[in-house]
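The values are calculated or read from the model by the stated rules, or taken from the named source; none is laboratory data. Note that the coordinates shown come from a computational prediction; the quantities given were computed from them, not determined experimentally. Methodologically, a virtual Cβ is constructed for each residue, glycine included, from the backbone with ideal geometry; neighbour enumeration extends over all protein chains shown.
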Amino acid sequence: MNQSSALVYKLTSAASVPPPNQAGNCVRSGLSLLHDGFLDAATKQFELALMADPSSRQAHAGLYYALSGLGKTHPAASHLARALQLQAVITLPYHGAESPVSVVLLLSIHAGNVLIQRFLNDRIFRTHIVIVEFYEDWMPLPQHDAVINGIGDADVRAEALSAAERIIARSAAPVLNRPAAVRETGRCRNAERLSGIPGVITPRTATLSRSTLTACHATADLAIHGFDFPILLRAPGLHMGRHFARVERPDDLADGLRRLPGDDFIVIQYLNARGDDGLVRKYRVLFVDGRIYPVHAAVSSHWKVHYFSAEMATHRERRAEDAAFLTDMEGLLGSQTVTTLGRVQDTLGLDYGGIDFGLSKKSEVLLFEANATMAVSWPGPDACWDYRRPAVERIYAAVQQMLMSRVRHPD
C-alpha cells in the first residue's frame, strides 16, 4: 500500500462531508484504496464523494466494484445502474391487435430468475420488466393488470425478494408467486418442510463454509451434521449441473472443493435413484395454478441427470419412456405418487413452480429440487421430438390461462 493510500485509510472513518468541489478527490482516494484492496475504506470514500456530488457516475462505479468485492451484490447492482444510467423499467414491444393485458415482471439483475417471460405472448401481453435492484421508491410503476414475481432462487436472492415485496406493496393488482412463498423454497428449507409429507424422501441438506469443509476434522463435522458418503456439493444459486460435484469418499473431499467456486456450499446427502437396469431417472413436473403438468422424464447412465445431457436423442427406448410419462403420468408413476406430488404442490404454495425428483425402489418421491425456477423448453425441430410438443403446448396454455384468469377474477 502506498503512503497516500495509507494516510487516507487512517483518516477515512473520521472524514467529514467534503465540499462539492472535493468529490473528485474522494473518488481518486477511493480508487487508490480499491486498487490496494482496502474495500471498506474505499467504500467510505466513494460514499463521501456521493454526499458531495450525488450525480457522480465515477463514485457510483467505484461503489459497484467495492461492494461487489465485499459480497454485497444487491446494493452493488443499484450503483451499477446509476453509473451506467441503466433503466429500471423496460417495456417490451406489443404486437397484438386487441387491447393488451399489461403485466409487471419483477426480475433480478443477477441469476436466479424464473424463465417465465417465454410464456408471455407479445400478442396478448404487454410486459414491463422491472429490475428490482435498479428500482427506486420515487419511480412510478407502469399501468398494469397483474404483477409476476420472476425472482425464483431463495438461496441467493433474498435481498431481491425483499425488494420485490416493497414494489408489490405499491400495487393493487393480483400477484403471482409472492416473494414470501418463494422465500420458503431454499434447498435447506425444502429438505426440512417437505420431509413431513408421506411418501417423500428429502436429502439431509446444510450450508457449510469452505473453512469447515477443509478443516482437518471436516469428516467428523459432516458426521455430526448427519452426513455420510457419498455426498453432493453445490455452489449456491447455480443450476443445470454447474459447479455441482459428487464426493464418494472423505479422501476426495479436498479435490471436490478445489473444483468449486465460492466460500459457502450446500451439502446434500446423495439419494440413489438408479434403477435395476442401471439407469438413473429424473422426472420434472410443473405446478401451474393448482394443477400438475409433466415436463419430462430424463433417463441417463450418469448420476447427474439433465434432459439436455441424457442422450435421449440417441436412445429410442428412453424417448418412449419419456412419451409414456407425458401422455399417462399416473399410469407410469402410479396414483399414489401423483397424490404425493399434489401434497408437495400444496406445501410449496406457488402459483408457478415445480419439482425435479426420482423414485426409490418403493416408489417414494426422492426430492432433488422444488422451486419456481423450473424451466420448460420447446423441443428441437427434429421429428423425433414431435411427441413432446403437445405437452409443452399444454403448459404454455395453462400459464397464459392462469394469468388471464387472475386478471379477470383477482380473488
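For this structure, a couple of remarks:
- For Ser300, the conditions (1) among the polar types (S, T, N, Q); (2) at pLDDT 95 or above; (3) surrounded by 13 or more Cβ atoms within 10 Å (Cβ to Cβ) all hold with the exception of (2).
- Yes/no for Thr337 being surrounded by 14 or more Cβ atoms within 10 Å (Cβ to Cβ) and under 19 Å from the mean Cα position of the chain (by Cα): no
- Of the helices (runs of 4 or more DSSP H) contained entirely in the range 23-83, those carrying at least 3 residues that are outside the structural domain of Gly112 (by TED's automatic domain parsing), out of contact with any Ser or Thr (no Cβ under 7 Å at 6 or more places or on another chain) and among the aliphatic types (A, V, I, L, M) fall at 39-52.
- Near pairs, Cβ below 6 angstrom, 6+ apart or cross-chain, from the range 155-170 (closer than 16 Å to His144 by Cα) to any residue that is hydrophobic (A, V, I, L, M, F, W, C): Ala164/Leu106; Ala164/Val132; Ala164/Ile151; Ile168/Val147; Ile168/Val175
- Filter result (in contact (Cβ under 8 Å) with a residue 12 or more places away in the chain, closer than 18 Å to Arg118 by Cα and not in a loop (DSSP other than H, G, I, E, B)) within the range 338-389: Tyr352, Gly353, Gly354, Asn371, Arg388
- Residue count, the range 91-118 (criterion: surrounded by fewer than 21 Cβ atoms within 10 Å (Cβ to Cβ) and within 22 Å of Met404 (Cβ to Cβ)): 14
- Test result for Gly290, small (Gly, Ala, Ser) and not assigned by TED's automatic domain parsing to the domain that holds Val344: no
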